[in-house]
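The values are calculated or read from the model by the stated rules, or taken from the named source; none is laboratory data. From a predicted model like this one, the values you see are computed outputs, not experimental measurements. Methodologically, a virtual Cβ is constructed for each residue, glycine included, from the backbone with ideal geometry; neighbour enumeration extends over all protein chains shown.
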Amino acid sequence: MSESDPVTEKSDAEWREELTDEEYEILRERGTEARFSGEHVDRDDDGVYRCKGCGEVLFDSGTKFDAGCGWPSFYAAEDDAVETQQDTRHGMTRTEVVCANCEGHLGHVFDDGPEPTGKRFCINSVALEFEDEA
């Protein structure tokens, strides 16, 4: 994306045109895919995970681990790639994870992950695009 066309300034119509219905529901309406349904849950290839909305690199495969929760889990995000905010929907308080570039909803982060961070970024597969290390 060029500076003259910031991703965050896209209209709702532009997002709807660029994303599939499921991608739009998750990235723009803060939805959640069904547990164990995503294509990246069991992926163990080397590479990077990019935001499906804007292409920014969010996670490295070296930080991915099997949390058994049904969504791809990572113990760290790339520097400055994601932002967090409080999410009080559905009668609970969680920490939502969004793409720092396009503000797309990615999932949530919890404090029950492995060392070295103790974090578990629980991310929707639909919000991610995997780029194999070539």
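Data table
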quantity: Members of the range 24-46 that are over 29 Å from Ala13 (Cβ atoms) and surrounded by 15 or more Cβ atoms within 10 Å (Cβ to Cβ); calculated: Val41, Arg43
quantity: Residue within the range 61-84 that is among the charged types (D, E, K, R), at pLDDT 95 or above and crowded, with 18+ Cβ neighbours inside 10 Å present; calculated: yes
quantity: Residue in the range 61-79 that is among the β-branched types (Val, Ile, Thr) and farther than 14 Å from Cys99 by Cβ present; calculated: yes
quantity: Residue match in the range 96-110 (condition: of a type in the set (S, T, N, Q) and either surrounded by fewer than 16 Cβ atoms within 10 Å (Cβ to Cβ) or over 24 Å from Arg16 (Cα atoms) (or both)); calculated: no
quantity: Scope the range 27-57; condition under 13 Å from Cys102 (Cα atoms) and hydrophobic (A, V, I, L, M, F, W, C); matching residues; calculated: Leu27, Cys51, Cys54, Val57
quantity: Hits in the range 25-45 - residues which are among the β-branched types (Val, Ile, Thr) and either under 15 Å from Glu129 (Cα atoms) or in contact with a Lys or Arg (Cβ under 8 Å, 6 or more places away or on another chain) (or both); calculated: Ile26, Val41
quantity: Qualifying residue in the range 59-75 (condition: in contact (Cβ under 8 Å) with a residue 60 or more places away in the chain and out of contact with any Lys or Arg (no Cβ under 7 Å at 6 or more places or on another chain)); calculated: yes
quantity: Strands (runs of 3 or more DSSP E) enclosed by the range 70-134 - at least 3 residues per element that are of a type in the set (Gly, Ala, Ser); calculated: none
quantity: Members of the range 60-69 found to be part of a loop (DSSP other than H, G, I, E, B) and touching an Asp or Glu at 6+ places or on another chain (Cβ under 9 Å), listed by number; calculated: Asp66, Ala67
quantity: Cβ pairs under 8 Å, 6+ apart, first in the range 12-23 and among the aliphatic types (A, V, I, L, M), second in a helix (DSSP H, G or I) and surrounded by 10 or more Cβ atoms within 10 Å (Cβ to Cβ); calculated: Leu19/Leu27
